[in-house]
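Handing you this structure, nothing more for now.
The values are calculated or read from the model by the stated rules, or taken from the named source; none is laboratory data. Fair warning: this is a prediction, and the values are worked out from it, not measured in the lab. Every residue, glycine among them, receives a Cβ derived from its backbone with ideal geometry; neighbour counts consider all protein chains shown. Heads up: the accessible areas ignore ligands, DNA and RNA and are worked out on the full protein's heavy atoms, side chains in. Shrake-Rupley method; radii C 1.70, N 1.55, O 1.52, S 1.80 Å.
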Amino acid sequence: MRNEVSKKVDLRLIIVGAVLAVLLCFYGNYQLRNILSWSLAFCLILAFSIFSIFKLKVKKISCKVFILSTIWLIFPILLTPFYANVEIHIKAILETLIYILFFICVFSYIIVDEKFFYQLMRVVIQVTLIFSIFSLFNYFIFKAAGTFSGFHSNPNTYSALLLFLLVNIFFFHKKILKTRKLLIGVSVIFSFQVLLTGSSKGLIGLGIIYFLLILFKTKRTNIIPALVFLIMASVIVGFYAEKSMERVQDKISAISYSNKNSYDESTVGHDSGKIRLFLMYDSFRVVSNNILIGVGVNNGQFYLTLPDSFRELMDSINSQNNITEMLLNGGVIAFFLYYMPLLFILIISSFKKRKNSFDQAIIILVILKLFLDAGMKSYNDASHVMAVTLIYYYYFVSKRQDS
């Protein structure tokens, strides 16, 4: 009887883990996202919903996670009639809700059975690793054109995904990967891929993860040697990550342009850093006129005044910054409802005297997310929705352990 139950559990685990990995690996692919992202997510949500209805069991913690993840949407939903393009507004809200519901359904296992959750994450890491190795093979052997981005269309979204997975691998590797050799192997492959994307956010994000990891995992007497090693390793990596270093330098030089008037077609050219700052300044202009209610979810594109020559350089027109994007989505109220729970959990976890692995993972995940938010729209990005969902679940699991 036990063997039959374990086989059923293993099969369910493999299916759910594989679906999650496929969604994460392909949601950033503009050609395949409808088939391999939204469709899979919707089917899994439907299956979980039917299962929950028949079992009549919905965990209170999952309900709390859902409320924390979606509370910011209430204000924009209520104000829908006042926004310019209602169709795009509603479509963006539904897309965000699908991702939130999907990850809540998948990660609810951490409340029911932590062991099953870690086994699920093991399947996700394994499948993601297979896809990532295949993408490397495709990039180097078949000389794929453009910057490396796995199977994503944007290297920034792919590097963000790998960064969030790395945090979970480092803090729960004993339960997910079991051996130190696997930990080293997977972390090296994922870190190398982040550098290969040429993403400046990815490079700095790696630095944030390894720096905080040293602070948490190294004894006080060994912190200084460990930090010296990290600095030396960063310098060495810098020589081999020319694309990332160049982009970091571009971002630093772009900051020297201190006002929007400095940005014209002759000075910006193909510099994405300057274009992002241009959009940030322009976003503040739009927000200042709509501070209370914003302009609608994903409606900022109709208000930003990016010149046509710049628009050709961008995949999509948005503020390229989640902080300003949230202000555009639903004004200052939606902004606070989105960020205040994360900041509250960060403060609570940081000031705990005895931090468990969940607390430490929360701290790095929140800091990493806040950093990435300064350079990309993320409220409806699958890897960010995954990270936020895990932050909330980890917080409640940690709280349960403390009690």
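For the condition under 30 Å from Lys175 (Cα atoms), over 19 Å from the mean Cα position of the chain (by Cα) and at pLDDT 85 or above, what is the one hit in Tyr99, Tyr109, Tyr118?
Tyr118
Can you confirm whether Ala382 is open to solvent by 10 Å² or more (accessible area, probe 1.4 Å), modelled with pLDDT under 95, in contact with a helix residue (DSSP H, G or I) (Cβ under 8 Å, 6 or more places away or on another chain) and not aromatic (Phe, Trp, Tyr)?
no
What's the number of the only condition in (1) over 24 Å from Val388 (Cβ atoms); (2) among the hydrophobic types (A, V, I, L, M, F, W, C); (3) at pLDDT below 85; (4) part of a helix (DSSP H, G or I) that Leu313 fails to meet?
All conditions are met except number (4).
Hey, does segment 52-64 have a residue that's at pLDDT 90 or above and either aliphatic (A, V, I, L, M) or touching a strand residue (DSSP E or B) at 6+ places or on another chain (Cβ under 8 Å) (or both)?
no
Scanning for something modelled with pLDDT under 95, more than 17 Å from Tyr379 (Cβ to Cβ) and polar (S, T, N, Q), does segment 330-352 turn up at least one residue?
Looking through segment 330-352, at least one residue is modelled with pLDDT under 95, more than 17 Å from Tyr379 (Cβ to Cβ) and polar (S, T, N, Q).
Hey, can you tell me all the residues within segment 187-206 that are surrounded by 24 or more Cβ atoms within 10 Å (Cβ to Cβ) and assigned to a loop (DSSP other than H, G, I, E, B)?
Listed by number, the residues that qualify are Thr197, Ser199.
Scan segment 145-172 for residues that are small (Gly, Ala, Ser) and open to solvent by less than 10 Å² (accessible area, probe 1.4 Å) and report the count. Talk me through it step by step, then tell me what you get.
Restricting attention to segment 145-172, the residues satisfying the condition of being small (Gly, Ala, Ser) are 145-146, 149-150, 153, 159-160.
Right, trim to open to solvent by less than 10 Å² (accessible area, probe 1.4 Å) and you get 159-160.
The number of residues fulfilling the criteria is 2.
For Leu94, are the conditions met, namely being modelled with pLDDT under 90 and either assigned to a helix (DSSP H, G or I) or out of contact with any Leu (no Cβ under 9 Å at 6 or more places or on another chain) (or both)?
Criteria not met by Leu94.
Right, another one. Quick check on Lys181: is it modelled with pLDDT of 60 or more, over 28 Å from Asp373 (Cβ atoms) and part of a helix (DSSP H, G or I)?
Criteria met by Lys181.
Please identify the pairs in which a residue from segment 161-177 that is closer than 19 Å to Val22 by Cβ has its Cβ atom under 6 Å from the Cβ atom of a residue that is among the aromatic types (Phe, Trp, Tyr), counting only partners at least 6 apart or on another chain.
Leu162/Phe190; Ile176/Tyr118
Among the residues of segment 332-388, count how many are of a type in the set (S, T, N, Q), assigned to a helix (DSSP H, G or I) and under 20 Å from Asp402 (Cα atoms). Steps first, answer last, please.
Filtering segment 332-388 down to residues of a type in the set (S, T, N, Q) leaves 349-350, 356-357, 360, 378, 380, 383.
Retained after the next criterion (residues that are assigned to a helix (DSSP H, G or I)): 349-350, 357, 360, 383.
Narrowing further to those that are under 20 Å from Asp402 (Cα atoms): 349-350, 357, 360.
The number of residues fulfilling the criteria is 4.
To continue, here is another question. For residues in segment 320-370 being among the charged types (D, E, K, R) and crowded, with 17+ Cβ neighbours inside 10 Å, which is farthest from Val86 (Cα to Cα)? Break it down stepwise before answering.
Going residue by residue through segment 320-370, those that are among the charged types (D, E, K, R) are 325, 352-355, 359, 369.
Those still in the list that are crowded, with 17+ Cβ neighbours inside 10 Å too: 325, 359, 369.
Numbers: Glu325: 17, Asp359: 40, Lys369: 29 Å.
The qualifying residue farthest from Val86 (Cα to Cα) is Asp359.
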